[in-house]
Structures are given as C-alpha cells and as structure tokens.
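The values are calculated or read from the model by the stated rules, or taken from the named source; none is laboratory data. Since this is a predicted model, take the numbers as computed values, not measurements. Note: ideal-geometry Cβ built from the backbone for every residue, glycine included; neighbour counts use all protein chains shown. Ligands, DNA and RNA are excluded from the accessible area calculation, which covers all protein heavy atoms including side chains. Shrake-Rupley method; radii C 1.70, N 1.55, O 1.52, S 1.80 Å.
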Amino acid sequence: MATLTTTDLAYLMCINPSCRATFDVGTTNFRCLECGSLLDVCYEWDRLPVPKSLVEFERKWTRRFDSIGFSGVWRFHELLPFAPPERIISIGEGQTLLQPSERVANFVGMHPGNLFLQYEGLNPSGSFKDNGMTAAFTHANMVGATRAACASTGNTSASLAVYCSAHTGMKAIIFIGSGKIAYGKLAQALDHGALTLQIAGDFDDAMLRVQEVAPRLGIYLVNSVNAFRLEGQKTIMFRVLEGLGWQVPDWVVVPGGNLGNSSAFGKAFIELKELGLIDRLPRLAVINAAGANTLYSLYEERGVRWNGGHHDGPTVDGFYQEMSSNNRRASTIASAIEINRPVNLTKCLRALDACDGVVREVFDQETLDAKAQIGAGGLGCEPASAASVAGAKLLREQGVIAPSDRVVCVLTGHQLKDPNITVAYHSGNRELFEEVLAKRNVRRASFANRPVQVANDLHEIESAIQINS
Ligand code: F0G
C-alpha cells in the first residue's frame with residue numbers, strides 16, 4: 001500500500017504512557033510497533049480550526065447538499081480531522097436521532113422525560129457500525145487499500161459489505177464464527193457480495209485469525225482495533241449532545257462487546273472537555289451479557305482499573321489463561337456481544353476512568369424483556385442493543401442511577417437483524433421457544449404479544465378482533 005500524504009496535524013500515538021510512540025497516519029498497523037498496545041488518532045488541536053462552541057455544528061444541517069454536511073459523521077469533521085475532505089467516503093451514515101421514550105422510562109423506573117434512546121439502527125446497514133466504517137473506509141481510501149477484512153458477530157461484516165459494494169473498488173473479506181451470527185446479518189454479507197469465511201470457531205477465534213491474516217496478505221483491517229473507526233464512532237455522542245441541546249447527560253449506557261463504542265465515547269468526551277466544548281463528562285455504564293462478561297469480571301469483581309495506563313496486566317492475563325484452560329466460550333442470545341476477549345479492553349478502562357464508569361452484566365431473560373418493552377415503545381432493536389436498557393433498569397434498582405438523572409441508552413442495531421429471536425419470544429410457539437430461547441435459559445416471555453390463530457371464517461375473525469382489542 002502507498003504511503004500517504006495527508007494533514008500533518010493528525011498522527012497515531014500509542015496509548016501506553018510508558019511508550020507513547022507516534023506513527024504517521026499513513027500506517028496500517030493498528031497496534032504499536034514498539035510495545036503492541038493500542039493506538040489513538042491524535043491531533044494538533046491548537047493548529048486546527050476547532051469551533052468555539054458546539055452550537056456551530058447546527059449550521060451544517062443547512063448544508064446537506066455537500067457530502068460532508070450530508071453525513072451525520074462528517075458534519076463533525078472538525079472533531080475528527082484526520083482526512084482531507086476530498087478523500088472522505090460516505091454513504092449518508094449517522095442520520096440518527098436521540099428520542100425520549102416514556103414507555104421505556106417507565107419500565108426502567110425513571111421520571112418521565114428522563115430516558116432517551118439513541119437509535120443507531122437507522123444507519124444504512126442497520127447498526128451503529130456505519131459511523132465507524134465510513135471513517136475506516138476513508139482511511140483505507142487514503143492509503144490505497146483494495147481489500148478490507150474484519151472478524152464479526154455480524155454487524156461489522158454487514159457494514160463492511162455495504163461500504164464495499166457501494167464503492168466497488170474494494171473487496172470485503174469477512175471472518176465469522178460458523179453458526180454464530182444472526183440471519184439478517186449473514187443475509188447482508190452474502191447479498192452485498194462479501195467473501196464470507198465461516199470459521200469453525202467463535203468470534204474470539206475469528207478475531208485472532210483476522211489479525212494474523214490481514215498483515216500477512218496486506219489486507220486492510222476494519223475491526224475496532226482500527227483507531228480510525230473509533231473516530232467515526234465518537235460522533236454518536238456528538239449527536240446525543242446535539243439531541244439534548246448540547247447539554248451533557250448524567251449517564252450514557254451502552255452494551256459492551258469488543259468495547260469499541262465505549263472506548264470511542266470516552267475519547268469523544270475527554271477531547272470535548274479538553275477543547276473546552278463541554279464542562280463535565282457524563283457517567284458511563286457498559287453492559288455485558290452475563291454469558292460474555294469479561295469486562296464485568298475484570299472491572300467489578302477483580303478491581304482492574306486504567307490506573308493511568310498501568311492497569312493490572314497479570315490479573316488480566318491470568319483471567320484469560322484461566323478462560324483458555326477451562327475452554328470457556330462466550331454464550332449469549334445477544335449474539336452481537338458474544339465476545340470473551342474484547343480487543344479494546346484497555347481503551348475501555350480509560351473511558352470508564354474518565355467517565356466515573358460502572359459495568360454490569362445482564363441475563364438474556366432481562367435483555368429480551370427489555371427488548372420487548374423497547375419494541376412496544378415504538379423502536380425496534382436487536383437483542384444486544386436491549387442490554388443497555390436492561391442494564392439501566394438494573395442500575396436504577398441498585399440505586400446507582402437516580403430517577404431524576406438524564407439517561408441515554410444506545411440502541412446499537414435494528415430489530416430486523418435478528419427476527420428469529422423476536423418471533424420465538426412473541427409467538428407462543430412452544431417448539432420454537434424451546435429451540436431458540438429455553439436452551440439459553442430464557443424461561444418466560446413476560447411481555448409477549450401473541451399472534452391469534454383464527455379460522456378462515458368471517459364471524460370468527462370479527463369476534464377475534466372484538467375480544468382482543
Ligand atoms: N451492539 C451491536 C448490535 C453490535 O453489533 C455490537 C458489536 C455491539 C453492540 C458491541 O459493541 O464491540 O463496540 O462493544 N458487534 C461487533 C460485530 C463485534 O462484529 O458486529 P462494541
């Protein structure tokens with residue numbers, strides 16, 4: 001791949017405070033070549049035209065005819081200025097909105113008007129991933145990549161496939177755990193022409209492999225270990241602030257899988273504070289599925305903290321070794337977050353540190369009940385997304401979140417990504433319930449909206465309506 005030329009005011013820097021090696025933005029190594037830690041995209045802010053106030057971004061809404069104003073990511077270009085505008089690749093991602101939900105507020109136990117849902121399912125590929133993919137693709141374009149790869153639980157691969165098919169110069173190569181992704185997502189990868197490798201293993205296996213293979217074959221890697229992707233995902237929080245009239249919420253609650261979002265959100269708030277654009281940081285709650293709870297185990301049970309970048313490595317390594325020797329595999333109905341070895345663990349610890357964070361685990365039962373309430377409230381999300389609402393409810397019950405707090409739950413992916421689970425929950429079909437849900441320890445469909453079986457008979461149809469409505 002060609003070495004590039006771009007703004008001299010952006011660079012990559014190792015997040016390890018004992019290293020801090022820096023690299024040109026033209027690199028496609030996403031780990032530090034000196035010490036192997038993760039990298040950040042950094043900027044020489046004092047030499048860049050940063051707006052004096054976040055309100056200035058509202059003007060971009062009136063410039064929707066230009067490609068930067070058209071994108072809900074790139075209209076915040078000044079806050080992720082690593083690419084020259086002419087290299088930006090956008091498909092109009094990030095047109096998402098913060099929406100208050102009375103019904104979900106009630107379910108969670110919040111005062112009406114205090115619970116907001118940031119619905120990222122409205123993105124072109126149906127999940128938040130497009131926010132990051134446009135940024136990774138823009139970087140891939142800057143370095144002249146022709147093939148891009150990811151490991152995925154389904155949404156990253158769907159997003160990659162969409163961007164590749166929209167920009168036919170690039171070939172998508174995706175690594176998925178065989179049988180481990182929801183059909184809606186697999187359908188997207190296949191339909192958009194991605195080379196789909198179903199690896200005999202799970203996401204964690206696929207993630208290790210893609211990191212081995214990509215550098216060997218010179219393929220551009222778009223997993224969230226790619227620091228440019230996280231730059232795009234910062235904008236989810238910019239839109240949250242915008243939705244609140246540029247006020248900082250008390251809490252941001254997000255599901256945690258590979259921990260890219262939580263890491264990006266932390267970076268966004270740290271930077272905004274440093275730039276004087278906000279006066280305080282929100283608290284961050286990252287929600288694991290109980291069957292994939294590495295972050296919860298390390299942070300809440302073993303007390304692992306960022307600690308200025310010197311986190312307790314031996315405890316983390318010991319945890320992973322134990323996991324390997326017991327061959328413990330992630331297992332949750334929320335397949336998007338069925339991950340035991342999150343690549344962004346250290347960046348997430350940094351975000352939790354900056355945002356006085358907490359981590360919780362929720363059971364699949366709680367997640368699916370929360371999902372049904374979100375659905376009844378008018379927004380459709382996939383199971384992993386509903387973990388945020390289930391987590392907010394738990395934190396309310398524990399008294400960590402107060403009913404008067406302003407809480408934002410991020411709904412990361414669209415309902416139609418994983419219809420099987422939704423149908424199994426609502427349909428009342430015993431066999432389907434056993435097959436899809438009971439196997440995963442989901443015992444009840446507390447908020448099921450059962451379809452009504454009725455004979456093909458005018459009278460019976462009318463009476464079914466009268467009885468049920
Ligand atoms: N929600 C959804 C719908 C996801 O697809 C993912 C991750 C997450 C939450 C977790 O976000 O990794 O930033 O902590 N999906 C990845 C994928 C792993 O391959 O699609 P995270």
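For the stretch 76-93, in order, what is each residue's ³J(HN,Hα) by Karplus, 6.51 cos²θ - 1.76 cosθ + 1.60 with θ = phi - 60°, in whole Hz (x at glycine and Pro)?
Calculated HN-Hα couplings, in order: 9, 3, 4, 9, 8, x, 8, 10, x, x, 6, 9, 5, 10, 9, 10, x, 6 Hz.
Share of Cα-Cα pairs in the stretch 382-464 beyond 18 Å, in percent? Mind showing how you got there, number by number?
Values: 2051 of 3403 pairs.
Counting every Cα pair in the stretch 382-464, those more than 18 Å apart make up 60 percent.
In whole Å, what three semi-axes, largest first, describe the equivalent ellipsoid of the chain built from its Cα gyration tensor (square root of 5 times each eigenvalue)?
Gyration-tensor ellipsoid for the chain: 35, 25, 24 Å.
Taking θ = phi - 60°, what integer Hz values does the Karplus form 6.51 cos²θ - 1.76 cosθ + 1.60 yield along the stretch 55-68, in sequence order, with x for Gly and Pro?
4, 4, 5, 5, 4, 4, 4, 7, 10, 7, 7, 9, 5, 6
Given axes a ≥ b ≥ c from the Cα gyration tensor, I'd like to know whether the stretch 238-385 is rounded (a/c under 1.5), prolate (a/b larger than b/c) or oblate.
Verdict is oblate for the stretch 238-385.
Ignoring ligands, DNA and RNA, please state the percent of accessible area on the stretch 372-466 from carbon and sulfur, probe 1.4 Å.
Accessible surface attributable to carbon and sulfur in the stretch 372-466 totals 48 percent.
For the stretch 31-172, with all protein chains present and a 1.4 Å probe, just round the carbon and sulfur fraction of the accessible area to a whole percent.
On the way: 2770 of 5250 Å².
Summing carbon and sulfur atoms, their accessible area is 53 percent of the total for the stretch 31-172.
What is the chain's relative contact order, in percent, from Cα pairs under 8 angstrom and six or more apart in sequence?
RCO, the chain: 16 percent.
If you take every residue apart from Gly218 with its C-beta less than 14 Å away from the C-beta of Gly218, what net charge results, scoring Lys and Arg +1 and Asp and Glu -1?
So the environment of Gly218 carries a net charge of +2.
Let me know the charge dipole size of the stretch 113-231 about its Cα centre in debye, to the nearest 20, where only the beta-carbon of Lys, Arg (+1) and Asp, Glu (-1) is charged.
The dipole magnitude comes to about 220 debye.
What does the accessible area per residue of the chain come to in Å², with a 1.4 Å probe and no ligands, DNA or RNA counted?
40 Å²
About its Cα centre, what dipole magnitude does the chain give when the only charges are +1 on Lys and Arg Cβ and -1 on Asp and Glu Cβ, stated in debye to the nearest 20? Before the final figure, lay out each step's value.
Working: 44 positive and 48 negative charges, 59 e Å.
It comes to approximately 280 debye.
Which whole-number percent gives the relative contact order of the stretch 54-94, counting Cα pairs below 8 Å spaced six or more residues apart?
36 percent
Looking at the stretch 94-201, send over the antiparallel percent of its DSSP beta bridges, to the nearest 5.
Antiparallel bridges make up about 20 percent of those DSSP assigns within the stretch 94-201.
Could you sort the peptides 90-97, 390-397, 424-431, 312-319 by per-residue average Cβ neighbour count (10 Å cutoff), highest mean leading?
390-397, 90-97, 424-431, 312-319
Along the charge dipole of the stretch 412-452, Cβ charges K/R +1 and D/E -1, which of Val452, Ile421, Ala438 sits furthest on the positive end?
Going by the charge dipole, the pick is Ala438.
Treating the beta-carbon of each Lys and Arg as +1 and of each Asp and Glu as -1, no other charges, what is the dipole magnitude of the stretch 343-469 about its Cα centre, to the nearest 20 debye?
In debye, rounded to 20, the stretch 343-469 gives about 420.
Return the long-range amide H neighbours of Val400 (sequence gap of 5 or more, or a different chain), with a cut-off of under 5 Å between placed amide H atoms.
Amide H neighbours of Val400: none.
Using only the Cα atoms of the stretch 41-104, each taken as one equal point scatterer with no solvent, compute I(q) by the Debye sum, divide by I(0), and report log10 of the ratio at q = 0.13, 0.26 Å⁻¹.
Log-scaled intensity ratios, in q order: -0.43, -1.22.
Across bins of 5 angstrom width beginning at 0, how are the C-alpha pair distances of the stretch 259-329 distributed, in whole percent?
Values per bin, smallest distances first: 3, 13, 18, 22, 18, 11, 8, 4, 2, 1.
What percent antiparallel are the DSSP beta bridges of the chain, to the nearest 5?
Bridges in the chain are about 30 percent antiparallel.
Dividing the alpha-carbon radius of gyration of the stretch 138-215 by 2.2 N^0.38 Å (N being the number of residues), what value is obtained? Walk me through the intermediate numbers first.
Details: Rg = 11.8 Å, N = 78, 2.2 N^0.38 = 11.5 Å.
The value comes to 1.02.
Excluding same-chain residues fewer than 8 positions from Lys52, which lysines have a Cα within less than 25 Å of its Cα?
Lys60, Lys234, Lys267, Lys273
With an 8 Å cut-off on Cα pairs and a minimum separation of 6 or more residues, tell me the relative contact order of the stretch 197-331 in percent.
Details: 97 pairs, mean separation 23.0, N = 135.
In percent, rounded to a whole number, it is 17.
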